Each structure stands twice: as structure tokens, then as C-alpha cells.
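Trainee: Pasting a structure below so you can have a look.
The values are calculated or read from the model by the stated rules, or taken from the named source; none is laboratory data. These figures come from a predicted structure and were not determined experimentally. No Cβ is skipped: glycine too gets one built from the backbone with ideal geometry, and neighbour counts run over all protein chains shown.
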Amino acid sequence: MVMLLAGDVGGTKSLLGLYLVRKGRISQAAFKRYTSGSWHGLEPMLEDFLTNHCKQLEMPQYGCIALAGPVNNGVVRITNLNWYVNTKDLNAIAKLKDLKLVNDFGILPKCLPLLNHHQQAVLHQGEVDRDPLGLMAVVGAGTGLGLARGIRTTSGMLLFPSEGGHSEFAPRTPLEWELGQWMKTECNVDRLSVERVASGTGLGYIAYWLLQQIGHSLHPLREAGERWREQQRNPKDNTTYPDLPALVSQAATIGDPLAQQTIEIWLGIYGAAAGDIALEELPTGGLWVAGGTAAKHIAGLKSDIFVEAFLNKGRLRQALKKITVSALLEPEAGLMSAAFEAAKMARTTSR
């Protein structure tokens, strides 16, 4: 019997958990969800979790924490929080035999072969069945845009992390071109990455762009948009500000035209980005759409707006029609994947 520490740390939310391994089976023993922006770093969050939410539990021996940023020699800068995290400082708190830091999307393919039908939903059924030994890819819009790949082997899942969400945004229409030019000016950048547009944050920017246009000065979301944008310009810890993407989604469901236009623009851009990724990776094992927006926008992701943008790749349309695209609906998928990696660490050490 061994206890494991697992974490899934992102720009918006962070999940920490303890998992008990007994007779080859993993079960969750403790869990806590944190709002990332309410903390100054991961170290005090981890200390709070182990001290206040794991009482009367055996302390963990091995751990894996997935973080939203590239990992270099045990050090991670969480891009959208400006946190610097390193293995040494975390293990001074956790006191583990071994602790591993991994990219949050880089680890996610570990859970894909184990998903049941309740944890995923088909967005586009491929003309060819998924190849269980083929490459699997996952893309996810949250605070940013994550991407990873994996291939199943006899010794486990072989992982290929990626920062492909930072590739160039490619406008397809005059409207998207106008949006892109505005975002470059608004964000004071010379180069616009696709994750700035095809992410949950990007959804907020699209709404804010539309709210700035003539005729929307009295729109119900105008004030919330200004406050949200101010937070984007000058992030402040422990500050409550409107969740503009969530407010837009709510407004769209009750028929607000501007909110509905925002969602439609965003779905088209996201679908096109997912199609580009599918062309690059050819995931014969399947493509999953994950991130914080997947479950919230499941109807939109199943719509022709998203699916047609995904398929609309000219002469390569037939190649994409073969690929099954699904939404990853399990909210703890990243945490589960980190727990699986920690269990592998424990098995390897005990041999």
C-alpha cells in the first residue's frame, strides 16, 4: 500500500489530491479545488492542502504535479500566472521520496485509453475506427490552449508534449483578420498566437472586441467587459473580477445576439485550429477536445460551426473525415493522469 500526491495546476484552477494504491488499484483519498489566482504561488497552496485537508491520512511517498507551462530541469514558469515553481521548494513541503513536475497537457494522454462513455462525448464520428495503437492527440482551450500527443506501447503510454498552442493565428475571413489586427494592438504584440484567440481567454477578448464597436455602449455586458479587460492588463491577486467568458456563455443561452455572435466566431476559430492540429499530427488513435471550455460548450462543439471548420481543409478534407473527434468531459482528467504517473514512479522504484 502506498500513498501518492497528484496535482493539476492551471491558470484558472488548481486541483490537488491524494491517491491510495492498494493491490494494484488506485483510489482517491483526498481532494481540494483551488482558485489559482487567489494564491501567491503553489508552495502555500500545497502546504494548505497537506496540513488542512489531509488530516488522519498517511502522508504521500511519491508525487506528480502537472503544471500549465514547459518543464525545464524541474523548474516551471506557469505562463498565465507568472509563478515560478521548482521541485526542490515543493518537496521541502511534501517530503516525498520522489516528486516529478510535468506539463499539464503533456501528461493528459495517459488517461485517454481509460475513459468510459460518460467521460467523453463524440463530436465527429470518424469514417475509420480509432486505431488503439495509433497516435492520440488532445487539444484544450482553457486559460491558454494546450496540446499533447501519446502512443500506447507495451511498456505504457509514450508521451510527446507540445507547446503547439503558441503557433501563429491564421485568420480565415475578413472578420477574423480584423479581429487579429485589433488583438495585436490591444495586447501590444507583433505576433498573435492561436491560443490568444482559440482559448477561454480568447473568448473573452472576442466579446470585448465586439463590445467596443459602435452601437454596443449600453450593452448589459459592457461594464463587466471593461472590468475583465482591466484585470487582463493589470492582474492582481485576491481580486474579484467578472468572468466575462462565462457571462457571455450565459447571455448566449438566453438569446443575446452579441453573445451568440461571440460564441460562433470563437467556435469557428477553435474548430479550424483543431483541424490544423489534426493535419499536423494525423491522430489515427483519435483527437480529444479538452480544457475548461469543453463541457461548457458541448452543444457548440457538436455544431456544424465547429465541425465544418475542423473539416474544411480543402484537398485534405477526406483525411480529416476519417478521424474521430471527442470532447473530454472528465473534470479530473489531468489529476488522474498525474496520479497514474506517480503510480508508475512508485512501481519503478519498488522493483
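Trainee: Test GLY11 against the criterion of being touching a residue at least 40 places away in the same chain (Cβ under 8 Å), over 19 Å from LYS100 (Cβ atoms) and crowded, with 16+ Cβ neighbours inside 10 Å, and give yes or no.
Mentor: Criteria met by GLY11.
Trainee: In the range 123-151, what count of residues is obtained for those that are of a type in the set (Gly, Ala, Ser), under 21 Å from PHE306 (Cβ atoms) and part of a strand (DSSP E or B)?
Mentor: 5
Trainee: For the range 211-219, does any single residue satisfy the condition of being within 22 Å of LEU267 (Cβ to Cβ), surrounded by 16 or more Cβ atoms within 10 Å (Cβ to Cβ) and either polar (S, T, N, Q) or free of Cβ contacts under 8 Å to residues at least 24 places away in the same chain (or both)?
Mentor: No: the range 211-219 contains no residue that is within 22 Å of LEU267 (Cβ to Cβ), surrounded by 16 or more Cβ atoms within 10 Å (Cβ to Cβ) and either polar (S, T, N, Q) or free of Cβ contacts under 8 Å to residues at least 24 places away in the same chain (or both).
Trainee: Limited to the range 47-93, what total is found for residues that are among the small types (Gly, Ala, Ser) and either crowded, with 21+ Cβ neighbours inside 10 Å or assigned to a strand (DSSP E or B) (or both)?
Mentor: Qualifying residue count, the range 47-93: 4.
Trainee: Considering each of ARG233, ARG196, ARG222, ARG227 in turn, give the residue that is without any contact (Cβ under 8 Å) to a residue 12 or more places away in the chain, out of contact with any Ser or Thr (no Cβ under 7 Å at 6 or more places or on another chain), surrounded by 12 or more Cβ atoms within 10 Å (Cβ to Cβ) and not hydroxyl-bearing (Ser, Thr, Tyr).
Mentor: Only one candidate passes the filter, namely ARG222.
Trainee: Does GLU280 count as among the acidic types (Asp, Glu) and either touching an Asp or Glu at 6+ places or on another chain (Cβ under 9 Å) or closer than 30 Å to PHE31 by Cβ (or both)?
Mentor: In short, no.
Trainee: When you look at PRO113, is it in a helix (DSSP H, G or I), surrounded by fewer than 21 Cβ atoms within 10 Å (Cβ to Cβ) and not assigned by TED's automatic domain parsing to the domain that holds TRP288, yes or no?
Mentor: For PRO113, the condition - in a helix (DSSP H, G or I), surrounded by fewer than 21 Cβ atoms within 10 Å (Cβ to Cβ) and not assigned by TED's automatic domain parsing to the domain that holds TRP288 - is met.
Trainee: In addition: Grab the helices (runs of 4 or more DSSP H) fully contained in the range 245-351, keeping just those with 2 or more residues being without any contact (Cβ under 8 Å) to a residue 24 or more places away in the chain.
Mentor: 257-281, 317-321, 333-350
Trainee: Is the range 163-181 home to any residue that is farther than 22 Å from LEU112 by Cβ, small (Gly, Ala, Ser) and in contact with a Pro (Cβ under 6 Å, 6 or more places away or on another chain)?
Mentor: yes
Trainee: Taking only the range 10-30 into account, find how many residues are among the hydrophobic types (A, V, I, L, M, F, W, C) and under 19 Å from ILE107 (Cα atoms).
Mentor: 4
Trainee: Scan (1) at pLDDT 95 or above; (2) surrounded by fewer than 18 Cβ atoms within 10 Å (Cβ to Cβ); (3) within 27 Å of GLN232 (Cα to Cα) for the single condition LEU42 breaks and write down its number.
Mentor: With respect to (1) at pLDDT 95 or above; (2) surrounded by fewer than 18 Cβ atoms within 10 Å (Cβ to Cβ); (3) within 27 Å of GLN232 (Cα to Cα), LEU42 is out only on (2).
Trainee: If only one of SER193, SER217 is hydroxyl-bearing (Ser, Thr, Tyr) and farther than 24 Å from GLY146 by Cα, which one is it?
Mentor: After ruling out the rest, the residue left standing is SER217.
Trainee: Kindly indicate whether TRP288 is under 22 Å from PRO174 (Cα atoms) and in the same structural domain as LEU203 (by TED's automatic domain parsing).
Mentor: So TRP288 does not fit the description; no.
So that you can scan it fast, the table gives a plain yes or no per residue for (1) modelled with pLDDT under 95; (2) of a type in the set (A, V, I, L, M):
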{"site": "LEU258", "(1), (2)": "no, yes"}
{"site": "GLU264", "(1), (2)": "no, no"}
{"site": "GLY268", "(1), (2)": "no, no"}
{"site": "GLY271", "(1), (2)": "no, no"}
{"site": "ALA274", "(1), (2)": "no, yes"}
{"site": "THR293", "(1), (2)": "yes, no"}
{"site": "GLY314", "(1), (2)": "no, no"}
{"site": "ARG317", "(1), (2)": "no, no"}
{"site": "LEU335", "(1), (2)": "no, yes"}
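Trainee: Residue check: is GLY292 farther than 23 Å from HIS118 by Cα, out of contact with any Leu (no Cβ under 9 Å at 6 or more places or on another chain) and surrounded by 16 or more Cβ atoms within 10 Å (Cβ to Cβ)?
Mentor: no
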